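What follows is a single structure, written as structure tokens, with notes after it.
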Amino acid sequence: MELTSRVYEARDLADFVELVYERGWTDGLPVFPPTDAAVEAMIRHVGRDPGEVLGIVPPGEGIATIEKVAINAVMAGCKPEYLPVVIAALEAMLDPAFELLRVQATTAGPAPLAIVSGPVVKALGFNTGAGAFTGTGHRPNSTIGRAIRLILWNIGYGRPGQMSQATMGHPGRYAYLIAERPRDDGNPWEELHVTRGLRPEDSAVSMFPVVTHDQVTPAFGTQTFDNSVHVLVDSICHLGNFRAASPKVLVLNPQAARILSDAGWTKAKFRDFLVERCGRPVRDVKRTGGLSTTYKTHWTKVADASDDDAIVPAVVGPDGLHLLVSGGWASASSQSIWLNSVHGEMVTRKIDWTWE
């Protein structure tokens, strides 16, 4: 196998660490040395040409080859069998619908979230329980999320103060990944990739540009249904990010999902129920100042701005709200997470995986 990337020599690990920071190959966290042997092992696992081009990564317009992606995956600490997941995540972000240029460069500073679903979750040992949004010692959660970030940093040059103009930034940019609970492990509903049009036996990565990550406590099972829904709707419709009817994700803990399912709520039915209720009157939304009119679903484009009583939808249609089940068994407060996007849409890619 012939690798074409420039070779740098380091006397030892300490020298490598200093070289990494000097060259700017990391956003601040330590990385592993991408030795020839480790990079070649990654590439052999997927059986693809090291020079194969996956795409051009904005805003720096770096060329993402299989070799370059493998290098960043090694630096992140990935195993070779993780590389198909990383590749699928990159392919999803390169879809024009994701708007990666804006996601990387905007002042809002969103973090691309990887949502992994399907048989690959159990096969690779992803954590889908307590602490689902953190690594919790589970290598695939942390290192695959980290590899995605390093690709955006080293190939796309999405670096704050340079090509990225994030005003505050998002802590998820270090590593941001969640795996969905399988159907046989606390998830009563169809998995996200099935909702997105794939087969149950497929494995997939869905990428979502998140600007707001908000833990809410709807108290399913200890409050009335109406009260629990009211809390969710109020959280989703807060004015802090109500500039547009932007896509959103709701991550329910398995206990909440089970309570809803046992009461007869299918995933689609509950989603549609929330979509109908997630909106605010024009008079409220006007107070946001009407910023970011470049949104294709800016509030002035989805409601009559001259009618203060008109309702501005928080999402446009059922495809604007995505539901998935993950996390640990919750307390009485039934902690769940809702995520708001900025620019772009969710893009799902099937993982090209051969089980061995």
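The values are calculated or read from the model by the stated rules, or taken from the named source; none is laboratory data. All figures in this text were calculated on a predicted structure; none of them were measured in a lab. FYI the Cβ positions are ideal-geometry reconstructions off the backbone, even for glycines, and counts take in every protein chain you see.
Worth pointing out:
- Taking the conditions (1) surrounded by fewer than 24 Cβ atoms within 10 Å (Cβ to Cβ); (2) closer than 29 Å to ILE259 by Cβ; (3) in contact with a Phe, Trp or Tyr (Cβ under 8 Å, 6 or more places away or on another chain) in turn, ALA179 satisfies each one other than (1).
- Options GLY129, GLY158, GLY186, GLY169; residue that is within 18 Å of the chain's Cα centre (by Cα) and under 16 Å from ASN253 (Cβ atoms): GLY129
- Filtering the stretch 186-199 for residues that are among the charged types (D, E, K, R) and closer than 27 Å to ALA105 by Cβ leaves a non-empty set.
- Of everything in the stretch 263-272 that is of a type outside the set (Gly, Ala, Ser), part of a helix (DSSP H, G or I) and in contact (Cβ under 8 Å) with a residue 12 or more places away in the chain, the residue that is nearest to ALA310 (Cα to Cα) is ASP272.
- Residue check, ASN141 modelled with pLDDT of 95 or more, within 17 Å of LEU324 (Cβ to Cβ) and in contact with an Asp or Glu (Cβ under 9 Å, 6 or more places away or on another chain): no
Listed here are the residues, each with its yes/no results for (1) out of contact with any helix residue (DSSP H, G or I) (no Cβ under 7 Å at 6 or more places or on another chain); (2) at pLDDT below 95.
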| site | (1), (2) |
| --- | --- |
| GLU2 | yes, yes |
| SER5 | no, yes |
| TYR21 | yes, no |
| PHE32 | no, no |
| VAL39 | no, no |
| MET42 | no, no |
| GLY47 | yes, yes |
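For (1) outside any helix (DSSP H, G or I); (2) surrounded by fewer than 18 Cβ atoms within 10 Å (Cβ to Cβ), each residue gets a yes or a no:
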{"residue": "ASP49", "(1), (2)": "yes, yes"}
{"residue": "GLY60", "(1), (2)": "yes, no"}
{"residue": "VAL69", "(1), (2)": "no, no"}
{"residue": "VAL74", "(1), (2)": "no, no"}
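- Candidate set from the stretch 236-254 (those that are assigned to a helix (DSSP H, G or I) and crowded, with 18+ Cβ neighbours inside 10 Å); member that is modelled with the highest pLDDT: PRO254
- Number of the exception - LYS79 against (1) more than 24 Å from VAL210 (Cβ to Cβ); (2) surrounded by fewer than 16 Cβ atoms within 10 Å (Cβ to Cβ): (2)
- Of all the residues in the stretch 273-287, those that are closer than 12 Å to PRO318 by Cα and either within 22 Å of the chain's Cα centre (by Cα) or not in a helix (DSSP H, G or I) (or both) number 3.
- Residue tally, condition in contact (Cβ under 8 Å) with a residue 24 or more places away in the chain, of a type in the set (Asp, Glu) and either surrounded by fewer than 14 Cβ atoms within 10 Å (Cβ to Cβ) or outside any loop (DSSP other than H, G, I, E, B) (or both), over the stretch 195-235: 2
- Once the stretch 133-148 is narrowed to residues that are buried (at least 24 other Cβ atoms within 10 Å of the Cβ) and of a type outside the set (S, T, N, Q), the residue that is nearest to ALA256 (Cα to Cα) is GLY145.
Here is a yes/no grid of residues against (1) surrounded by 14 or more Cβ atoms within 10 Å (Cβ to Cβ); (2) more than 18 Å from HIS238 (Cα to Cα); (3) β-branched (Val, Ile, Thr):
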residue	(1), (2), (3)
ALA256	yes, yes, no
PHE270	yes, yes, no
GLY279	yes, no, no
VAL285	yes, no, yes
THR288	yes, no, yes
THR297	yes, no, yes
